[in-house]
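The values are calculated or read from the model by the stated rules, or taken from the named source; none is laboratory data. If you're wondering where the values come from, they're calculated on a predicted model, not measured in any experiment. Quick reminder, even Gly has a Cβ in these numbers, built from the backbone with ideal geometry, and neighbours come from all protein chains shown.
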């Protein structure tokens, strides 16, 4: 089983959006996949999303996780995605990293988001060196035509962590999430631009 941890202590960074769509990608593309989505956040956004998921799409199961103390998922689970809360640091972070095979850090390109995430990036960079744990950054709501996008790329380069991809600012994620869906649950022509940006995830996982 592979465990993917989606983490950033900054609230509103897009963790649940990234976690749910990653689970959707795995459920659709992995053969005989049994994908679970765990929600360590007290707000339980991912768990609420799962309740809205329709029965005619690939199954993603709920992994009930006590904050900071991940339980063992059921036998037969092939992939697990963990959504995490804001303010994740210290012992809670270490406990989750112990079970993680890969870590994704979503971050938005505003200077406020970047500054709020800087200490976390430094913490992860040290962990990456010590454990050789695959860690990658994902930009959310990035408009590559803007100056903020240029600042974003310079900042990520300074962290020493690789930028996996950047996702554009679109209402597709919001509208699909309201129905418990991911990009991979709808006709490809509806979300063609977004699916192209997710190819980097498939290569990484």
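Overview of values
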{"quantity": "Filtered residues of segment 153-167 (kept if touching a helix residue (DSSP H, G or I) at 6+ places or on another chain (Cβ under 7 Å) and outside any strand (DSSP E or B))", "calculated": "155, 159, 160, 161"}
{"quantity": "In segment 175-187, the residues that are exposed (fewer than 11 other Cβ atoms within 10 Å of the Cβ) and either over 27 Å from residue 48 (Cβ atoms) or over 19 Å from the mean Cα position of the chain (by Cα) (or both)", "calculated": "187"}
{"quantity": "Top-ranked residue in segment 140-152 [being in contact (Cβ under 8 Å) with a residue 40 or more places away in the chain and not in a helix (DSSP H, G or I); ranked as nearest to the chain's Cα centre (by Cα)]", "calculated": "140"}
{"quantity": "Residue check for residue 176: without any contact (Cβ under 8 Å) to a residue 40 or more places away in the chain, closer than 21 Å to residue 60 by Cα and either part of a helix (DSSP H, G or I) or touching a strand residue (DSSP E or B) at 6+ places or on another chain (Cβ under 9 Å) (or both)", "calculated": "yes"}
{"quantity": "Tally of residues being surrounded by 14 or more Cβ atoms within 10 Å (Cβ to Cβ) and either out of contact with any helix residue (DSSP H, G or I) (no Cβ under 8 Å at 6 or more places or on another chain) or more than 27 Å from residue 134 (Cβ to Cβ) (or both) across segment 188-205", "calculated": "3"}
{"quantity": "Residue tally, condition without any contact (Cβ under 8 Å) to a residue 40 or more places away in the chain and loosely packed, with under 13 Cβ neighbours inside 10 Å, over segment 100-117", "calculated": "2"}
{"quantity": "Any chance residue 161 is out of contact with any strand residue (DSSP E or B) (no Cβ under 8 Å at 6 or more places or on another chain) and modelled with pLDDT under 90", "calculated": "no"}
{"quantity": "Selected residue [at pLDDT below 90, touching a strand residue (DSSP E or B) at 6+ places or on another chain (Cβ under 7 Å) and in a loop (DSSP other than H, G, I, E, B)] from 47, 33", "calculated": "33"}
{"quantity": "From 124, 97, residue being surrounded by fewer than 21 Cβ atoms within 10 Å (Cβ to Cβ) and within 23 Å of residue 22 (Cα to Cα)", "calculated": "97"}
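Residue by residue, here is whether (1) touching a helix residue (DSSP H, G or I) at 6+ places or on another chain (Cβ under 7 Å); (2) at negative phi; (3) assigned to a loop (DSSP other than H, G, I, E, B); (4) at pLDDT 90 or above holds:
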{"position": "4", "(1), (2), (3), (4)": "yes, yes, no, yes"}
{"position": "17", "(1), (2), (3), (4)": "yes, yes, no, yes"}
{"position": "21", "(1), (2), (3), (4)": "yes, yes, no, yes"}
{"position": "25", "(1), (2), (3), (4)": "yes, yes, no, yes"}
{"position": "53", "(1), (2), (3), (4)": "no, yes, yes, yes"}
{"position": "93", "(1), (2), (3), (4)": "no, yes, no, no"}
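Residue-wise test of (1) touching a helix residue (DSSP H, G or I) at 6+ places or on another chain (Cβ under 9 Å); (2) outside any helix (DSSP H, G or I); (3) modelled with pLDDT under 90.
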residue	(1), (2), (3)
88	yes, yes, yes
106	yes, yes, no
118	yes, no, yes
121	yes, no, yes
124	yes, no, yes
127	yes, no, yes
133	yes, yes, yes
138	yes, yes, no
